[in-house]
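Throughout, read-outs are computed from the coordinates displayed, never taken from laboratory work. Since we're looking at a predicted model, the values are computed, not measured. Positions of Cβ are backbone-derived with ideal geometry, glycine not excepted, and every protein chain shown enters the neighbour counts.
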Amino acid sequence: MTRFDATAAQEREQLVREAIDAHRERGSSFCTFEATPDEDELVPWIQYGDGLLNLDCTDRELDRLKTTLESYPELTITDLTRPEEAEGTNVRIEAYTDDDRVAAAVESIFRETYDQPASFRLWVTSV
């Protein structure tokens with residue numbers, strides 16, 4: 001990979017595809033995407049590995065995630081974990097699709113579930 005961030009929607013989706021390719025080439029466990037947060041917010045993140053998306057969200061974000069995933073029938077929530085010591089839910093989503101659809105879904109999740117603005121900066125923080 002030659003770049004690790006992007007701010008335009010098409011560039012962010014391309015960045016996700018490139019990171020997934022790099023993750024496969026390296027044989028790593030997963031790749032991680034993060035949005036630059038506002039000052040007092042938690043960093044929204046999504047991990048991808050072996051056809052599985054992993055993310056944390058609040059109850060409100062979980063409701064929005066379910067709505068977002070209605071546009072992606074090839075993505076299925078397979079596990080919801082609510083640790084006692086955490087204020088949220090860890091969500092695992094099986095992706096039965098190609099990298100283009102995964103990239104589009106990642107973009108949609110950041111924009112619709114995490115309510116990121118149109119020009120948010122997406123970072124690849126691990127590959």
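When only C-alpha pairs under 8 Å and at least 6 residues apart count, what is the relative contact order of the chain, in percent? Mind showing how you got there, number by number?
Numbers: 218 pairs, mean separation 47.8, N = 127.
It rounds to 38 percent for the chain.
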Using a simple spin-label model with points 7 Å from Cα along the Cα→Cβ vector, what separation in nm is obtained for R3 and D21? 1.3 nm
For the pair E94 and D79, how long in nm is the line joining their label points, each one 7 Å along Cα→Cβ? 1.2 nm
Stretch S29-N54 to full length: gain in nm at 0.36 nm per residue minus the Cα-Cα span? 7.8 nm
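For T67 and E112, compute 0.36 nm times the residue count separating them, minus their Cα-Cα distance, and round to one decimal in nm. Before the final figure, lay out the partial values.
On the way: separation 45, 0.36 × 45 = 16.20 nm, distance 0.88 nm.
Using 0.36 nm per residue and subtracting the Cα-Cα distance, I get 15.3 nm.
Which shape class, rounded, prolate or oblate, goes with segment 1-73 when its Cα gyration tensor gives a ≥ b ≥ c as root eigenvalues, a/c under 1.5 marks rounded, and past that a/b bigger than b/c marks prolate?
It is prolate, given that a/c is not under 1.5 and a/b is the larger ratio.
Between the DSSP loop rule and a limit of at most 12 other Cβ atoms within 10 Å, which GluC sites (Glu not before Pro) in segment 13-93 are left?
Details: sites: E13, E18, E25, E34, E39, E41, E61, E70, E74, E84, E85, E87; in loops: E39, E41, E70, E74, E84, E85, E87.
Answer in residue order: E39, E41, E70, E84, E85, E87.
Taking loop as defined by DSSP and a crowding limit of 12 other beta carbons within 10 Å, which chymotrypsin sites (Phe, Trp or Tyr not before Pro) in segment 19-117 fit?
Sites meeting the loop and neighbour criteria: Y96.
Assuming a ≥ b ≥ c are the square roots of the Cα gyration tensor eigenvalues, decide whether the chain counts as rounded (a/c under 1.5), prolate (otherwise, with a/b larger than b/c) or oblate. It would help to have the intermediate numbers written out before the result.
Values: a/c = 1.42, a/b = 1.20, b/c = 1.18.
Note, shape of the chain comes out rounded.
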When Lys and Arg each count +1 and Asp and Glu each count -1, what net charge do the other residues less than 13 Å away from T97, Cβ to Cβ, add up to? -3
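Normalised by the number of residues in segment 50-116, what is the relative contact order in percent for Cα pairs under 8 Å and 6+ residues apart? It would help to have the intermediate numbers written out before the result.
Numbers: 85 pairs, mean separation 27.5, N = 67.
Value for segment 50-116: 41 percent.
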Alpha-carbon centroids, segment 1-47 and segment 48-82: separation in whole Å: 17 Å
